[in-house]
1. With a 10 Å radius around each residue's Cβ, average the other Cβ atoms per peptide and rank 177-184, 155-162, highest first.
2. Could you please state, rounded to a whole Å, how far the C-alpha centre of segment 53-77 is from the C-alpha centre of segment 100-117?
3. Amide H neighbours of Asp212 under 5 Å, at least 5 residues apart or on other chains, H built in the peptide plane: list them.
4. Ordered by packing density, taken as the mean number of other Cβ atoms within 10 Å over each peptide's residues, highest first, how do 146-153, 34-41, 132-139 rank?
5. Sorting check: for 77-89, 48-60, 185-197, which peptide has the highest mean count of neighbouring beta carbons within 10 Å, and how do the rest follow?
6. Defining a contact as two alpha carbons under 8 Å apart and six or more residues distant in sequence, what relative contact order in percent does segment 74-173 show?
7. Over the chain, what percent of the accessible surface lies on carbon and sulfur atoms, probe 1.4 Å?
8. Longer than 19 Å from Cα to Cα, which of Lys146/Lys196; Lys4/Lys146; Lys158/Lys196; Lys196/Lys219 are they? Say none if no pair is.
Amino acid sequence: MSRKTINLTRELYDYILDVSLREHDALQAIRAATAAHPQAKMQISPEQGQFMAFLIRLMGARRVLEIGTFTGYSALAMALALPQDGLLVACDISKEFTDIARLHWDSTRVSHKIELRLGPALQTMDQLLEDGQDASFDACFIDADKEGYDAYYERALKLIRPGGAIMIDNVLRGGDAANAATSSTATQAIQALNLKLRTDARVHLSLVPIGDGLTLALKI
Ligand code: SAM
Ligand code: CA
């Protein structure tokens, strides 16, 4: 019927949510609590959270690393999909944002699966590597400062096992990724990473046009 991905009108997007979204009460609560936040747009979309949780289940993941947690939506979406003894290491620099996350996680039955690491994510990832945790994670979600993405990707490749997945958010930058003349340093960083991934023989690759664009890189 079509050789390209369908264009989502508001009506069609609402329809997708109507017929497929299954959002846990605690996720709904985080969404509601974050809606009035000045940076609410940083939160992933609910269908993306559901998609990532689906991938976590599909992989049978037990250990997940998150780079960029904000008020805790994506972390909780993935933690809910982990087994009881699963672990999600959530990295962020903001105590203010993650205090909100903690409050909501604590009201769930999965808070024991989430370990928050406050501090620059690169330092946390290097520490994990120093601690001998290379190849110990099944998946890594990258969603922090865009200029740091390439360094996060390189660390993530070391931290996940062969067959593990890296999920990279905002790879379309609201469409700006296709703008060769963009003046945004964040978009330029994403463009450079997108180009690098195009021929990166260390991974299998798929760019999924969900949310603001989610690249899936499966470590070979
Ligand atoms: N994944 C989150 C969600 O679904 O709600 C959204 C994450 S938000 C786009 C980006 C987060 O990255 C912010 O909470 C910010 O504090 C964090 N951040 C920015 N720079 C960072 C750094 N160098 N190290 C760790 N976290 C950082
Ligand atoms: Ca994002």
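The values are calculated or read from the model by the stated rules, or taken from the named source; none is laboratory data. Because the structure is a prediction, the values reported are computed rather than measured. Positions of Cβ are backbone-derived with ideal geometry, glycine not excepted, and every protein chain shown enters the neighbour counts. When the accessible area is computed, the model is the full protein with side chains, heavy atoms only, and any ligands, DNA or RNA have been set aside. Shrake-Rupley method; radii C 1.70, N 1.55, O 1.52, S 1.80 Å.
1. Taking the mean over residues of other Cβ atoms within 10 Å, the ranking is 155-162, 177-184.
2. One Cα centre to the other: 12 Å.
3. For Asp212, the qualifying residues are Asn170.
4. The densest-packed peptide leads the list: 146-153, 132-139, 34-41.
5. Going from most to least packed, we get 77-89, 48-60, 185-197.
6. Contact order relative to length: 24 percent.
7. Here it works out to 55 percent.
8. From the list (Lys146/Lys196; Lys4/Lys146; Lys158/Lys196; Lys196/Lys219), the Cα-Cα distance tops 19 Å for Lys4/Lys146.
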